[in-house]
Amino acid sequence: MKAAIERAIAAGVGVGQISDAMDELGLPQNAGGGYRLLGGAGGTVFGRAFTVKQGLAEPGQPGVVRQGEAALSLASPGDILVIDADGNTDIATWGEGHSLRAQANGLNGIVLHGVTRDAEALAAGSLPVLCRGTSPLRSKGRFHSVSVGAPVTVAGVRIAPGDLVAVSLDGLVCIPREFADRVLAKAEAIQGLEEERDAILRQQRPSARR
């Protein structure tokens, strides 16, 4: 998988080409949009998925939130941490401190099916954070970590730990690990054809008006 990822990055493969490749290979579509990307250096970011599921804490109970622990020590360098907060847009499940932990651990990126705070700091940072939006409300006392390292579904995208996740301004796509090499090879071929097409189109000039 590593070599296939390196070739895809070198070829400039994006999440759109990966989604198209899954279509052409007859695989179930596993891509989603409607997200906001904060931070990062641009382009498409790849990483193995590490997952956390968040739920609302019981009234009067403190709840235990483990996204910071996942960022700092449970996920592995090169992973993309995926936090499923059930799309909740009222409570922030992430923030600058979490991103600093993730960076210290060498994570490649963050996907939040939920929202973050400290958006200005995250937007200026090098770690890409794909999120549904922002909120000032912290997760402590409001969220409870239901599971760590179990499959999640975010906006119709099913993600299991170890699957290959790619994120960009267009959104995210998840490739089941057993199909990663095939899908990336197909996406690279699609990217090459699109580059040839675009080069021809850019050379064309509007015909003179008569």
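The values are calculated or read from the model by the stated rules, or taken from the named source; none is laboratory data. What you see is a predicted model, and the numbers here were worked out from it, not measured in a lab. Don't worry about glycine lacking a Cβ; one is built from the backbone with ideal geometry, like all the others, and counts go over all protein chains shown. Accessible surface areas use protein heavy atoms only, side chains included; no ligands, DNA or RNA. Shrake-Rupley method; radii C 1.70, N 1.55, O 1.52, S 1.80 Å.
Values computed for the structure shown
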quantity: Pair A123, V64: separation of 7 Å Cα→Cβ label points (nm); calculated: 3.7
quantity: Spacing of the two label points (7 Å from each Cα toward its C-beta) at K2 and T89, in nm; calculated: 4.1
quantity: For the chain: relative contact order, % (alpha-carbon pairs under 8 angstrom, 6 or more apart); calculated: 31
quantity: Near-label residues of the range 1-37 by backbone N, under 11 Å of a point 7 Å along Cα→Cβ of R182; calculated: 22, 25-28
quantity: Over 18 Å [Cα-Cα, the range 77-170], rounded percent; calculated: 42
quantity: FRET efficiency, L201 to A10 (Cβ-Cβ, R0 30 Å, nearest 0.05); calculated: 0.80
quantity: Dimensionless Rg over Rh [the chain; C-alpha; Kirkwood]; calculated: 1.05
quantity: Diffusion constant of the range 115-210 at 20 °C, which comes from Stokes-Einstein with the Kirkwood Cα-pair radius and 1.002 mPa s, µm²/s; calculated: 121
quantity: Using distinct alpha-carbon pairs, which all enter the 1/r mean, Kirkwood radius of the range 1-56 in Å; calculated: 13.6
quantity: Karplus-derived 3J(HN,Hα), 6.51/-1.76/1.60, for each residue of the range 154-165, Hz, glycine and proline x; calculated: 10, 6, x, 9, 8, 10, 10, x, x, 5, 8, 10
quantity: Calculated FRET value between L56 and A160, using beta carbons and R₀ = 25 Å, to 0.05; calculated: 0.55
quantity: For the chain: accessible area per residue (Å², 1.4 Å); calculated: 50
quantity: DSSP beta bridge pairing in the chain, given as percent antiparallel to the nearest 5; calculated: 55
